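Trainee: Okay, handing you the structure first.
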Amino acid sequence: MKNYIDVDEHNLAIQNMLKHVDFEDKQVLDIGCGDGRMSFKIAQYAKSVIGIDPDVEEIKLAEESQKTENMMNLKFHAGTLEDMDFGDNTFDIIVFSLSLCCIANTDNPFRDKLELIHDVWKLLKPSGILVNQLYNMRFDFNNPGSMIWYLLSGEDIHLSTYVRAERSTAALKYATLVENKFKFIAEEVYPIDWYLNGREGAINEFVGLEEYEKLDGETKLKIDEVINKCITKNGDLLEKGDDVLTIVQKIE
Ligand SMILES: C[S@@+](CC[C@H](N)C(=O)[O-])C[C@H]1O[C@@H](n2cnc3c(N)ncnc32)[C@H](O)[C@@H]1O
């Protein structure tokens, strides 16, 4: 079943990157690449792309897609950056695609992100480019995903997504503006509005149909109430957010 209508977040991201980043003949590292959806887009323009992610299953998916697509300028490795042995001054461009916001190894996420940005600085060649793409749900909207998540977990995903995104931006800005490690190149903010195919699409996205079936009657009723309130006249469900793309350049 198709859940999303008219949204290709990674396509919008690459189109916005291309306004400011020249990938031609460049060696790129995609940190936290997941199943490689952004690595594949970048590989169409770059000389080579290495994608890394500690999630072994996601790396397997990326490798399977690579076989199908038969793209020779892409490589994937399972592991974190600390597990890898890339030398200093190796990459022209490093990308975090919805991943810097997720990376935290200790209970001090700001410091973890700043440490990672320092490591990235070392890995970049002189004048190398760092790109951070992140997603922010909008505060000004009665966000269905957030409400359902709250019902299920007691955690406000609306707030936690915002806080994670804010911390990663804050760390990048700190390294750029306070520590003078990078020069600011550009920021692009563009709307990412997810339209979900009615009730089933929404349940599948926010809970998963199988998991939904296992819930007790009262929770199901509450979830149905949330979904019914948010369904539009066309029978779609809308969740609003923005992608923020920040591009900075290494200063020696
Ligand atoms: C929201 S996903 C984004 C995946 C992919 N970049 C995309 O755009 O679809 C965040 C990814 O960060 C990865 N991640 C978490 N901790 C990490 C770490 N310490 N080093 C590298 N990647 C990490 C997760 O395994 C996950 O695949």
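Trainee: Please verify whether Ile42 is buried (at least 21 other Cβ atoms within 10 Å of the Cβ) and within 9 Å of the ligand (Cβ to nearest atom), treating the condition exactly as stated.
Mentor: Criteria not met by Ile42.
Trainee: Then there is this: When Lys113 is evaluated against the numbered criteria (1) more than 8 Å from the ligand (Cβ to nearest atom); (2) within 20 Å of Val248 (Cα to Cα); (3) in a strand (DSSP E or B), which criterion, by number, is the only one it fails?
Mentor: So Lys113 meets the others, but not (3).
Trainee: Let me ask something else about it. Find the residue count for segment 87-127, including only residues that are over 20 Å from Lys181 (Cα atoms) and hydrophobic (A, V, I, L, M, F, W, C). Give the steps one after another, and end with the answer.
Mentor: To start, the set of residues in segment 87-127 that are over 20 Å from Lys181 (Cα atoms) comprises 97-99, 102-108.
Within this subset, residues satisfying the condition of being hydrophobic (A, V, I, L, M, F, W, C) are 98, 102-104.
Count: 4.
Trainee: Right, here's the next one. May I ask you to list pairs of residues, at least six apart or on different chains, whose Cβ atoms are under 7 Å apart, with the first in segment 144-172 being closer than 16 Å to Lys240 by Cβ and without any contact (Cβ under 8 Å) to a residue 40 or more places away in the chain and the second being in a loop (DSSP other than H, G, I, E, B) and among the acidic types (Asp, Glu)?
Mentor: From residues that are closer than 16 Å to Lys240 by Cβ and without any contact (Cβ under 8 Å) to a residue 40 or more places away in the chain, the pairs are Ser146/Asp156.
Trainee: Just give me the residues in segment 96-127 being at pLDDT 95 or above and of a type in the set (Lys, Arg), in sequence order.
Mentor: Listed by number, the residues that qualify are Lys122, Lys125.
Trainee: Give all pairs with beta carbons closer than 6 Å in which a residue from segment 73-102 that is touching a residue at least 12 places away in the same chain (Cβ under 8 Å) meets a residue that is small (Gly, Ala, Ser) and away from the ligand (no atom under 12 Å from the Cβ); count only pairs at least 6 apart in sequence or on separate chains.
Mentor: From segment 73-102, the pairs are Asn73/Ala43; Asn73/Ser48; Leu74/Ala43; Asp92/Gly128.
Trainee: Just give me the residues in segment 178-228 being among the β-branched types (Val, Ile, Thr) and either over 30 Å from Leu245 (Cβ atoms) or not in a strand (DSSP E or B) (or both), in sequence order.
Mentor: Result: Val178, Ile203, Val207, Thr219, Ile223, Val226, Ile227.
Trainee: While we're here: Could you tell me how many of the residues in segment 132-147 are part of a helix (DSSP H, G or I) and either under 16 Å from Ser99 (Cβ atoms) or at pLDDT 85 or above (or both)?
Mentor: Counting residues in segment 132-147 that are part of a helix (DSSP H, G or I) and either under 16 Å from Ser99 (Cβ atoms) or at pLDDT 85 or above (or both) gives 0.
Trainee: List every residue pair whose Cβ atoms sit under 7 Å apart, with the two residues 6 or more apart in sequence or on different chains, where the first one lies in segment 22-37 and is under 17 Å from Gly79 (Cβ atoms) and the second, anywhere, is β-branched (Val, Ile, Thr) and modelled with pLDDT under 95.
Mentor: Pairs found: Gly32/Ile103.
Trainee: Here is a follow-up. Would you mention how many residues in segment 1-46 are modelled with pLDDT under 95, in a strand (DSSP E or B) and polar (S, T, N, Q)?
Mentor: Total satisfying the criteria: 0.
Trainee: Restricting attention to segment 47-84, which residues are within 14 Å of the ligand (Cβ to nearest atom), assigned to a helix (DSSP H, G or I) and β-branched (Val, Ile, Thr)?
Mentor: If the condition is that a residue be within 14 Å of the ligand (Cβ to nearest atom), assigned to a helix (DSSP H, G or I) and β-branched (Val, Ile, Thr), then Val56, Ile59 are the ones that fit.
The values are calculated or read from the model by the stated rules, or taken from the named source; none is laboratory data. Since the model is a prediction, treat every value here as computed from it, not as a measurement. Glycine gets a Cβ as well: all are built from the backbone with ideal geometry, and neighbour counts include every protein chain shown.
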